[in-house]
Every structure is written in C-alpha cells, then in structure tokens.
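The values are calculated or read from the model by the stated rules, or taken from the named source; none is laboratory data. Treat the numbers as computed from the prediction; the structure is a model and nothing was measured. Note that we place each Cβ from the backbone using ideal geometry, even for glycine, and neighbour counts take in every protein chain shown.
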Amino acid sequence: MITRSLAEQLRNAQHVVVFTGAGASAESGIPTFRDALTGLWERFDPAQLATSDAFRADPSLCWGWYEWRRHKVLQAHPNGAHLAIAELARHVPKLTVVTQNVDDLHERAGSQDVIHLHGSLHSPRCIDCGLHYMLPLTSEAQPEGGGRIEPPRCTACDGHVRPGVVWFGEMMPEGAWSLGLAAAERCDVFLSIGTSGIVYPAAELPLRALGLGATVVHVNPVRFDVSSQEHFLEGPASMMMQNLLHEAFGDHPVS
Ligand code: APR
C-alpha cells in the first residue's frame, strides 16, 4: 500500500535508485527468466542454456534461444513501468536505473545511462577474441517455438559470436557492478521492481541500501518475506509505479 509517508519520502529524495528484474518487462510480453520456457526450450532449465559450456556444446541451440528472446524484445514496447521510471527521473534530483534485464526497454522509454548488470541482448561479441558484433536491428521472423540458429562467425578470428549477456558462473561487467553498488550505497530511496531477488550478487543491492538507511520498496505481484523496515507494493509494476508517481507527484509540478 502506498502510504503518505512513502510518497513524501519519494518526493523529498535527493537520489533514487530503481533496480529492476524480468518482472519489469513482463507486461511488455517478455517472458520472465523463470517462466516456463516454451517450444524447443521447454525441456531446459534456463540455467542449463545460459552458460558458456552450453553455448560451446551446442552453439546453434543456445544462439537460437537468444535470437528468439531478442526478436521478442524487438517486437515489444516499453510498458507503464518503464515509462513511469523514465518520468520519475524528471521529478527527483538524481535517478539511477540498475537493471538485471538484457533488453533495452528502459532506454526506449527514455531512461538515461542505464546500468546493465547482466549485459545486453544487443551487444554480442566473439567468444574467443571478444570483438563486438553488430546484429541487424530487424531479426527475421522466428517460428514461435524458436529453432536452432547457427551463430555468426567473428570477422577477425572466425570464432563463434556469442550473446553479450552475463552467463551463470561469469563475472558481471566490473564497471556496471561498481556503479550499481555506489548508487545503492548513496541513495535515499531504493525501488526494487520485478525481481525474485535470488541471484547474487545483484540481489545484494537492496540489502546494501537498507543497511545504509535508505527506504527500500519492493514491487511485485507475488508477495515474499521482507524485513519490517522494508515496504512492499503488491501488484504489477506498471500499475504500482504509475500509482506511486501519482501519489508522490500527482499534484506537484515537475521539480
Ligand atoms: N510486475 C512486477 N513483477 C512481476 C511481474 C509484473 N507484472 N510479473 C512477474 N513479476 C515478478 C515475479 O513474481 C518474479 O518475482 O518478477 C520476478 C521475476 O523473477 P525472475 O524470473 O527470477 O527474474 P529476475 O529476478 O530478473 O532474475 C534475476 O537471474 O537468471 C538470472 O540473469 C538472470 O537477470 C536474471 C536474474
């Protein structure tokens, strides 16, 4: 429930961090990471596909899955949550968006300098020499269940091009983690939106913010346990973020 005090804390905040997971993109039609996978990948646990071993063992199966996901992102549009987060930046002195998502929906909603802790579907690179690869912005239509797609070859060393995401067992991009941690440690309000909070170290960020006295708010339609000092807005990100913005700034001109 959005209390007057929470709305006031957001209104008076000098630095807000918005930390998002797959649930923030769910209402754009992007399956969350732990949604049952469909079609070709139904029999896999995502963690079995999102690893460099899986890619090296079967590059076409893995690349096909990521191309299917990239195609879904290219077809998707930012939802009310992405738009409310971009709007929030116009009401507070400083807003930092830190996302676990590999789509570009925050950017397409107008958020700036988004920190991607787990990389991006739009930044593939050679698995051997690391050379970045530009993907066509329109991927050919994918059969709904997806299919195997032979990954491109690196123009420099002929290695396979791999998705530009962080796989299980891989380190997060150093710069992204330190920027995200610094923001969590300096903010007054930390909004954690649409994440199951089970993957570390990303899931550490709200705990760091709380430990340093920030107001921490979880937004999720599925209630989970949080400490008594944390707020929980139980509902879909789009509606909850629009309501929060209205409660806090509805009658207040953009600062
Ligand atoms: N609004 C808000 N939250 C939602 C919505 C919605 N409309 N729909 C679903 N959710 C919530 C789910 O209840 C769940 O808690 O979004 C969360 C999605 O959880 P995951 O699928 O685990 O995704 P995420 O938390 O982003 O996973 C973190 O784990 O597997 C790695 O790299 C992967 O970035 C991913 C990370």
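Look at region 210-229 and say how many of its residues are under 14 Å from GLN14 (Cα atoms) and among the aliphatic types (A, V, I, L, M).
Looking only at region 210-229, we keep the residues that are under 14 Å from GLN14 (Cα atoms), and these are 213-215.
If we keep only those that are among the aliphatic types (A, V, I, L, M) as well, we get 214.
Adding up the residues that qualify gives 1.
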Condition check for SER139: at pLDDT below 95, within 30 Å of ALA81 (Cα to Cα), more than 16 Å from the ligand (Cβ to nearest atom) and of a type outside the set (A, V, I, L, M): yes
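When you scan region 109-122, do you find a residue that is part of a loop (DSSP other than H, G, I, E, B) and of a type in the set (Asp, Glu), even just one?
First, the residues of region 109-122 that are part of a loop (DSSP other than H, G, I, E, B): 110-114, 117-118, 120-122.
With the extra rule that they be of a type in the set (Asp, Glu), the set shrinks to 113.
Yes: one or more hits.
Can we say VAL97 is modelled with pLDDT of 95 or more and either in contact with a Cys (Cβ under 6 Å, 6 or more places away or on another chain) or not assigned by TED's automatic domain parsing to the domain that holds GLU185 (or both)? Walk me through how you get there before you give the answer.
Details: modelled with pLDDT of 95 or more: yes; either in contact with a Cys (Cβ under 6 Å, 6 or more places away or on another chain) or not assigned by TED's automatic domain parsing to the domain that holds GLU185 (or both): no.
Judged against the criteria, VAL97 is not a match.
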Condition broken by TRP65, with the remaining ones in (1) modelled with pLDDT under 95; (2) within 11 Å of the ligand (Cβ to nearest atom); (3) of a type in the set (A, V, I, L, M, F, W, C) satisfied: (2)
Cross-chain or 6+ apart pairs with Cβ under 6 Å, region 77-93 first and among the hydroxyl-bearing types (Ser, Thr, Tyr), then surrounded by fewer than 22 Cβ atoms within 10 Å (Cβ to Cβ): none
Selected residue (criterion: nearest to the ligand (Cβ to nearest atom)) from residues of region 92-126 that are over 22 Å from LEU181 (Cα atoms) and surrounded by fewer than 18 Cβ atoms within 10 Å (Cβ to Cβ): SER123
Residues that are in contact with a helix residue (DSSP H, G or I) (Cβ under 9 Å, 6 or more places away or on another chain) and not in a helix (DSSP H, G or I), drawn from region 76-89: ALA76, HIS77, PRO78, ASN79
Long-range neighbours under 9 Å by Cβ, at least six apart or interchain, first residue not assigned by TED's automatic domain parsing to the domain that holds ASN243 within region 5-16, second charged (D, E, K, R): none
Residues satisfying the stated conditions in region 68-91, i.e. more than 16 Å from the ligand (Cβ to nearest atom), aliphatic (A, V, I, L, M) and in contact with a His (Cβ under 9 Å, 6 or more places away or on another chain): ALA86
Test: residue in region 192-207 that is under 19 Å from ALA86 (Cα atoms) and more than 9 Å from the ligand (Cβ to nearest atom): yes
Hey, VAL73 among the β-branched types (Val, Ile, Thr), surrounded by 17 or more Cβ atoms within 10 Å (Cβ to Cβ) and either modelled with pLDDT of 95 or more or outside any helix (DSSP H, G or I) (or both) or not: no
All positions within region 7-32 that are surrounded by 21 or more Cβ atoms within 10 Å (Cβ to Cβ) and of a type in the set (Ser, Thr, Tyr): THR20, SER25, SER28
Scope region 26-58; condition in a loop (DSSP other than H, G, I, E, B) and modelled with pLDDT under 80; matching residues: THR32, PHE33, ARG34, ASP35, ALA36, LEU37, THR38, GLU42, ARG43, PHE44, ASP45
